[in-house]
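Asker: One structure is given below, represented as structure tokens, and several questions about it will come after.
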């Protein structure tokens, strides 16, 4: 396989990102690949924020992965800055290729270089393969994640 | 009890906030109330960011509660914006008074007015009272929360 590049997402990447978001047992019900307008609006909001890193992984000019990393300063833990990983998706053709590991390692390295002391993420309780994946990478499943839809 | 005001935290509130962060079974080992410098630095970082709301609850000129609300735009769920609640603390004298509910309701209302479609938080697996509290407020414990210390 060709070289992998991880770079900031641009407007041209949106169709590929949304296709990956939708190609997922949970995402299938929540996304609208036929109407990209809300995604383009969201990318504009993200692009202006220095604490936001929405990236794509590209191999041979094809978008094959994505994640969003948010940097969050805070007071707790002696004024620690933490990062949060959201929206991790790997193209179906690339699952099992080690790309997920590369993307998470990128997020951890970027968090370190931005001065974070903690990286965190939540994963739906039904995604048991993902849980084993994060534990292999050194993450500890120490918390419960609560959500409230508005 | 006197009226409650929820307002943005200022530098003068830091000693009271840090005392609450430290007065906690988990926080006791992680905080340094004798050295407030890292907390003051962190508050400066937060104050310049329009997506950050670090607030205190004040009753009769006394800081009795705190939380941090972060607004996070994103692509998933049709370009949804979500919010994350962190660092919820209630002064020991006020536990059971309904103040926790008031603070979380403030966070939910603020999230709604900022256009969020989802509010989320994580809670250490050992905080079983907190889990019941969030479930009573309508949050669903649908996720596992993973952390990696750097």
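No value in this document is a laboratory result; all are computed from the given coordinates. These figures come from a predicted structure and were not determined experimentally. Ideal geometry is used to build each Cβ from the backbone, glycine not excepted, and the neighbour counts take in all protein chains shown.
Asker: Springs between alpha-carbon atoms under 10 Å, Gaussian network over chain A: tell me which of A:75, A:118, A:67 tops the mean-square fluctuations.
Answerer: A:75
Asker: Which whole number in µm²/s is D for the range A:13-80 by Stokes-Einstein, with the Kirkwood Rh taken over Cα pairs at 37 °C and 0.692 mPa s? Mind dumping the intermediate values first?
Answerer: Numbers: Rh = 13.8 Å.
In µm²/s, the coefficient rounds to 238.
Asker: Based on the Cα atoms of the range A:51-139, what semi-axes does the equivalent ellipsoid have, where each is the square root of 5 times one gyration tensor eigenvalue, given in whole Å with the largest first? Don't skip to the end; give the middle numbers.
Answerer: Values: eigenvalues 115, 50, 21 Å².
After diagonalising the Cα gyration tensor, the semi-axes are 24, 16, 10 Å.
Asker: Also: Could the peptides B:43-53, A:76-86 be put in order, highest first, of the mean number of other beta-carbon atoms found within 10 Å of their residues? All intermediate terms of the calculation are to be shown ahead of the outcome.
Answerer: Values: B:43-53: 16.3, A:76-86: 21.5.
For the peptides B:43-53, A:76-86, the packing ranking is A:76-86, B:43-53.
Asker: Give the percent of DSSP beta bridges with both residues in the range A:55-150 that are antiparallel, rounded to the nearest 5. Kindly include the intermediate steps, with their values, before the conclusion.
Answerer: On the way: 13 of 16 bridges.
Taking every DSSP beta bridge within the range A:55-150, about 80 percent pair in antiparallel fashion.
Asker: Sticking with this one: Roughly speaking, what is the centre-to-centre gap between the range A:1-46 and the range B:9-77 when only Cα atoms are used, to the nearest Å?
Answerer: Each part's Cα centre sits 34 Å from the other's.
Asker: Need one number: convex hull volume per residue for chain A, Cα atoms only, in Å³. Don't skip to the answer; put the middle values down first.
Answerer: Values: hull volume 20.5 nm³, N = 150.
Dividing the Cα hull volume of chain A by its residues yields 137 Å³.
Asker: Taking 2.2 N^0.38 Å as the expected size of a compact globular protein, what ratio does the Cα radius of gyration of the protein assembly as shown give against it, to two decimals? Present the calculation step by step, with values, prior to reporting the outcome.
Answerer: Values: Rg = 19.5 Å, N = 300, 2.2 N^0.38 = 19.2 Å.
Dividing the Cα radius of gyration by 2.2 N^0.38 Å gives 1.01.
Asker: Given the -39500 (n - 2.57) contribution per DSSP H run of 4+ residues, what per-residue ellipticity at 222 nm results for the protein assembly as shown, rounded to the nearest 500 deg cm²/dmol? The partial results should precede the final answer.
Answerer: Working: 10 runs with 96 residues, N = 300.
My calculation for the protein assembly as shown gives -9500 deg cm²/dmol from helical runs alone.
Asker: Let me ask another. How crowded by other chains is B:77-88, given as the mean number of beta carbons from other chains within 10 Å of each beta carbon? Could the numbers behind the result be given before it?
Answerer: On the way: counts 11, 11, 16, 5, 3, 5, 2, 6, 2, 7, 4, 1.
Average neighbour count from other chains, rounded to a whole number: 6.
Asker: Averaged over B:22-28, how many beta carbons belonging to a partner chain fall within 10 Å of each residue's beta carbon? Present the calculation step by step, with values, prior to reporting the outcome.
Answerer: Working: counts 1, 0, 1, 0, 2, 2, 0.
Per residue, the average neighbour count from other chains is 1.
Asker: Follow-up. Pick from A:22, A:57, A:107: which residue has the top mean-square fluctuation in a GNM of chain A where Cα pairs under 10 Å get a spring?
Answerer: A:22
Asker: Taking only C-alpha pairs under 8 Å that are 6+ residues apart, what is the relative contact order of chain A in percent?
Answerer: 18 percent
Asker: Within 10 Å of each Cβ of B:116-123, how many other protein chain Cβ atoms are there on average? Write out the running numbers ahead of the final one.
Answerer: Numbers: counts 3, 2, 4, 5, 8, 7, 9, 4.
Partner Cβ neighbours, averaged per residue: 5.
Asker: Any idea what the relative contact order of the range B:11-95 is, in percent, if you count C-alpha pairs under 8 Å spaced at least 6 apart? Don't jump to the answer; show the numbers that get you there.
Answerer: Details: 108 pairs, mean separation 19.6, N = 85.
Relative contact order for the range B:11-95 comes out at 23 percent.
Asker: Under a 10 Å cutoff between Cα atoms, tell me which one of A:19, A:42, A:92 has the largest fluctuation in the Gaussian network model of chain A.
Answerer: Between A:19, A:42, A:92, it is A:42 that shows the largest mean-square fluctuation.
Asker: By DSSP, what percent of the beta bridges with both residues in the protein assembly as shown are antiparallel, rounded to the nearest 5?
Answerer: Working: 61 of 68 bridges.
Antiparallel bridges make up about 90 percent of those DSSP assigns within the protein assembly as shown.
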